[in-house]
Amino acid sequence: MHNLGHTRSARRTDHYLLTPDTFVRTPMPGMTNATAVVHASPAGGAKFTQYTAELEAGGAFGPTSAQRFIYVLEGVLTAGECTLGPNAYLYIPAGTALEIRAATKARAAVIEKPFQPLAGVAAPEILSGDETSVASVALGGDETLQVRQLIPEGPRFDFAVNTMIYEPGAALSMVEIHVMEHGLLMLEGGGIYRLGDCWYPVTAGDFIWMGPYCPQWFGALGKTPAKYLIYKDFNRHPLDPAC
Ligand code: UGY
Ligand code: MN
């Protein structure tokens, strides 16, 4: 049902907000019985790709030459020996041919980035985990804002993926402006996101891309916590070639 051309989705040069009413599904090479909503890509200004893969039972992903991070939103995926239910995640190094199959109808957030090697530092290996069993850390000591780091710390990885959970009323303590870009998927709850000079109401299901140096701030609203999954490029010098 159209809404007289109205949507909360918005696009600016240093950020965009994409709400589910504007999502368009597209096939991706190598996918079978699956489609993707491509949220972030070089075409939109990002240096990585982020999409939501929607798979029928038995559906599968095609391979990619980039490193890949998968976070299960719904249903069950299998990858080699791994079985991944909701909140489970998998990191697959660049150049690893590992088939991802849906054991049930499933949805997953997928992030892909060309790997930037670092001289003298070993490339990362495959890893999996469950977000709910990762210990959380209070951001800057604020117990109402908990961060779970899904990718291990250290220079082997050239990106980070975290979840952030805000109690109702919790907020970032500052407007952040930084060189890293972000891909952000709202998982639960909602609030107000400041991006550049705009303030947006956001809710579960929304996607945000923030380019380098995009001013950003979030405050949670409502009676339940707000939770998001957030990607950033990390651990590399800004002058290192992006690959
Ligand atoms: O990791 C971050 O930069 C994070 N604090 N940014 C954000 O939540 N917008
Ligand atoms: Mn940030």
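The values are calculated or read from the model by the stated rules, or taken from the named source; none is laboratory data. Note that the structure is a prediction, hence the values are computed from the model and not measured. Cβ placement follows ideal geometry from the backbone for every residue including glycine, while neighbour counts extend to all protein chains displayed. Keep in mind that these areas ignore ligands, DNA and RNA; they rest on the heavy atoms of the full protein, side chains included. Shrake-Rupley method; radii C 1.70, N 1.55, O 1.52, S 1.80 Å.
If only the Cβ of Lys and Arg carry +1 and only the Cβ of Asp and Glu carry -1, the dipole of region 128-170 around its Cα centre is close to 120 debye. Taking all protein chains into account, the per residue accessible area for region 15-94 stands at 39 Å² (1.4 Å probe).
The H on the amide N of G59, modeled in the peptide plane, is under 5 Å from the matching H of A102, each at least 5 residues off or on a different chain. In this Cβ point-charge picture (+1 for Lys and Arg, -1 for Asp and Glu), the chain has a dipole of about 420 debye about its Cα centre. When the distances between all Cα atoms of region 1-68 are binned every 5 Å from zero, what whole-number percent does each bin get? Computed distribution, short to long bins: 4, 14, 22, 22, 17, 13, 7, 2, 0.
Accessible surface for D14 stands near 50 Å², nearest 10, in the context of the full protein assembly shown (1.4 Å probe). Each residue of region 185-200 was assigned a 3J(HN,Hα) from its phi angle through the Karplus expression (A = 6.51, B = -1.76, C = 1.60, θ = phi - 60°), giving 10, 6, 9, 8, x, x, x, 10, 9, 8, 10, x, 9, 10, 10, 10 Hz with x at Gly and Pro. By accessible area, using a 1.4 Å probe on protein heavy atoms only, region 99-187 has 57% of its surface on carbon and sulfur. Residues whose amide H lies under 5 Å from that of Y193, counting only those 5 or more places away or on a different chain, are Y200, V202; hydrogens are built 1.01 Å from N in the peptide plane. Bridgeable aspartates and glutamates around K227 (alpha carbons under 14 Å apart, same-chain partners fewer than 8 residues away excluded): E131, E167, E188, D206.
Taking the inverse of the mean reciprocal distance over all distinct Cα pairs, the Kirkwood hydrodynamic radius of the chain comes to 18.5 Å.
Based on C-alpha pairs under 8 angstrom that are at least 6 apart in sequence, the chain has a relative contact order of 17 percent.
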